[in-house]
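Read the structure below first, then the notes.
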Amino acid sequence: MAKEKFTGVKGMNDMLPQDAPIWQHVVSTAVEVLERYGYQEIRTPILENTRVFTRGVGEVTDIVEKEMYSFTDSMNGDQLTLRPECTSAVVRAVNEHNLLYGTTQRLWYWGPMFRHERPQRGRYRQFHQLGAEALGMEGPDVDAEIIMMLARMWKALGVGPVKLEMNTLGAQEERAKHREALIAYFEANKDVLDDDAKRRLYTNPLRILDTKNPDMQALVEAAPKLLDFLGDESRAFLNRLEELVSAAGIEYEINPRLVRGLDYYNHTVFEWITDKLGAQGTICGGGRYDPLVEMLGGKPAPGVGFAMGLERVIELMREVGNVPVRTQTDVYVVHHGGETQKAALLLGESLRDLGVRVIVHPGTASIKSQMKKADGSGAEFVVFATEDEMAEGCVSVKALREHADRTVAFAQQQKVAVSEAARTIAEALAALR
Ligand code: HAM
């Protein structure tokens, strides 16, 4: 019988061990920054009732119309969806647990999201977002602070220059007036609209502005601009946001065509974009969503947040050559089996007591082949617990790598008493850090 070959689901990737250090580095760096701004972690399930997203993200969005992994729970008939984004889920949880009762919340999350899109570079069906939501605060100070926090993250991660685009979607009444004007304008130019635009004309005309169709660009360029429909309050909101972001020395561009693909936004929307990743150059998107808490059944409360695509951020770091090198092993212990294996295992324990990352060679093999493994492990030091050395109550230690800027202990192989070995090696390692 032919052996069956199993593969992963299209558009969903394995994270292989060689990529673990960069993922861990990105998340821990981002979290370190988030904590400096008072954000706390929240985790919500990967599955939600479908209504959370149809109501939250909006019925007439690409995500809800075409991209959700939804199914009926065969046990009880519930309609469920693998989360395509996390803002709606976080707001659902905040409402359910009354987290805004008499207070505000600053929350962060990271994890897999699912969208049934056409997979390509930077666009996957399972991808990972790291995001944050600030709830119960009216802004625009908080909106500006989020932008400052993101600028700090890009610096901490070393992603190179990324461009900030901002826009305002105004208040609900202003949007309604703009919407009417847009419909009238597109109706008058119906012959230029493609099928997608015709379908959206009365349901979501704003999204027509987002079209990638080159034949519609001139039409879209000349369409009525929301900026012309903004009242004093919305203008003041945007002006203050611009003032604060400029004061922090952050460059930005106002892009009046930035509308975002989710329905819950008002006032501030923004994206951070790179030209180094081809078509999928948006590494982060976000904005203000004051109507969402109420839309999902809570007492009205404002909100603003963002999510970054971690695959894209990591690819960008690789692109600009900024991937930190982090080995997985500090010390590799080789031995001759039997009593020396026991001593090697115990030395491994003593080293780990001191916080050192150790691999004790598993099983037995020639010292030569164990040395090969030691070298390949990335360890700084190899420890020999061989029969000769153990007979003298010693092990010997040898440095495996050179460090141009420092003198390294054990550059020459050297004997150390077993009782002293763990402390001596831990100190030698500390000197290299
Ligand atoms: P979004 O713009 O849909 O916003 O997604 C945010 C980021 O997730 C994108 O900028 C991109 O980097 C990444 N992303 C989206 N789809 C994919 C995909 N198929 N493959 C790889 N990366 C992807 C939201 O999801 C909002 N919840 C953001 C937000 C939070 N707004 C307010 N709070």
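Considering only residues in region 370-417 that are part of a helix (DSSP H, G or I) and under 10 Å from Val334 (Cα atoms), the one that is most open to solvent (accessible area, probe 1.4 Å) turns out to be Lys373.
Looking at the structure I just gave you, is His128 part of a strand (DSSP E or B), at pLDDT 95 or above and within 13 Å of the ligand (Cβ to nearest atom)? Taking the combined requirement at face value, the residue satisfies it. Report yes if some residue within region 212-226 is touching a helix residue (DSSP H, G or I) at 6+ places or on another chain (Cβ under 6 Å) and within 26 Å of Glu138 (Cβ to Cβ); otherwise report no. Within region 212-226, one or more residues are touching a helix residue (DSSP H, G or I) at 6+ places or on another chain (Cβ under 6 Å) and within 26 Å of Glu138 (Cβ to Cβ). Residue count for region 48-82 under the criterion of being outside any helix (DSSP H, G or I) and in contact with a strand residue (DSSP E or B) (Cβ under 9 Å, 6 or more places away or on another chain): the result is 13.
Residues of region 266-290 that are of a type in the set (A, V, I, L, M, F, W, C) and either buried (at least 22 other Cβ atoms within 10 Å of the Cβ) or part of a strand (DSSP E or B) (or both): Val269, Phe270, Trp272, Ile273, Ile283, Cys284.
In the set Ala404, Ala411, Ala391, only one residue is in the same structural domain as Gly337 (by TED's automatic domain parsing), out of contact with any Ser or Thr (no Cβ under 6 Å at 6 or more places or on another chain), over 21 Å from Gln370 (Cβ atoms) and of a type in the set (A, V, I, L, M); that residue is Ala404. Tell me, yes or no, whether region 51-60 has at least one residue that is open to solvent by less than 70 Å² (accessible area, probe 1.4 Å), modelled with pLDDT under 95 and touching an Asp or Glu at 6+ places or on another chain (Cβ under 6 Å). Looking through region 51-60, at least one residue is open to solvent by less than 70 Å² (accessible area, probe 1.4 Å), modelled with pLDDT under 95 and touching an Asp or Glu at 6+ places or on another chain (Cβ under 6 Å). Which residues, taken from region 35-71, are of a type in the set (Asp, Glu) and in contact with a Lys or Arg (Cβ under 7 Å, 6 or more places away or on another chain)? Glu48, Glu67 - these are the residues of region 35-71 that are of a type in the set (Asp, Glu) and in contact with a Lys or Arg (Cβ under 7 Å, 6 or more places away or on another chain). Looking at Glu85, Glu117, Glu133, just one residue is near the ligand (Cβ under 10 Å from one of its atoms), of a type in the set (D, E, K, R) and in contact with a Leu (Cβ under 6 Å, 6 or more places away or on another chain), and that residue is Glu133. If the condition is being open to solvent by less than 10 Å² (accessible area, probe 1.4 Å) and within 13 Å of the ligand (Cβ to nearest atom), then region 291-333 contributes Leu292, Val293, Gly303, Val304, Gly305, Phe306, Met308, Leu310, Val313, Ile314, Leu316. The set of residues in region 133-170 being part of a loop (DSSP other than H, G, I, E, B) and open to solvent by less than 10 Å² (accessible area, probe 1.4 Å) consists of Val159, Leu169, Gly170. Only one of the listed residues (Glu65, Glu96, Glu85) is crowded, with 18+ Cβ neighbours inside 10 Å and among the acidic types (Asp, Glu). That residue is Glu85.
Among the residues of this structure, Ala223 counts as one that is farther than 22 Å from Thr87 by Cβ and modelled with pLDDT of 90 or more.
Taken over region 350-369, the criterion of being part of a loop (DSSP other than H, G, I, E, B) and over 34 Å from the mean Cα position of the chain (by Cα) is satisfied by His361, Pro362, Gly363, Thr364, Ala365, Ser366. Within region 256-285, residues that are touching a residue at least 24 places away in the same chain (Cβ under 8 Å) sit with their Cβ atoms under 8 Å from residues that are crowded, with 23+ Cβ neighbours inside 10 Å and acidic (Asp, Glu), at 6+ positions apart or across chains, in these pairs: His267/Asp143; Thr268/Asp143.
Only one entry in Ala197, Ala184 is in a helix (DSSP H, G or I) and under 18 Å from Leu227 (Cα atoms), namely Ala184.
Residue count for region 212-236, restricted to those that are outside any helix (DSSP H, G or I) and either of a type in the set (Gly, Ala, Ser) or open to solvent by 30 Å² or more (accessible area, probe 1.4 Å) (or both): 7. Any residue at all in region 243-260 that's within 12 Å of the ligand (Cβ to nearest atom) and either of a type in the set (Asp, Glu) or closer than 22 Å to His128 by Cβ (or both)? Yes, the conditions are met somewhere in region 243-260.
If the condition is being closer than 26 Å to Arg118 by Cα and either of a type in the set (Gly, Ala, Ser) or not assigned by TED's automatic domain parsing to the domain that holds Tyr124 (or both), then region 45-103 contributes Gly56, Gly58, Ser70, Ser88, Ala89. Is it true that some residue in region 238-253 is open to solvent by 30 Å² or more (accessible area, probe 1.4 Å) and closer than 30 Å to Asp194 by Cβ? Looking through region 238-253, at least one residue is open to solvent by 30 Å² or more (accessible area, probe 1.4 Å) and closer than 30 Å to Asp194 by Cβ.
The values are calculated or read from the model by the stated rules, or taken from the named source; none is laboratory data. From a predicted model like this one, the values you see are computed outputs, not experimental measurements. All Cβ positions, even for glycine, are placed from backbone atoms using ideal geometry, and neighbour counts span all protein chains on display. The area values use the complete protein model at the heavy-atom level, side chains included, leaving out ligands, DNA and RNA. Shrake-Rupley method; radii C 1.70, N 1.55, O 1.52, S 1.80 Å.
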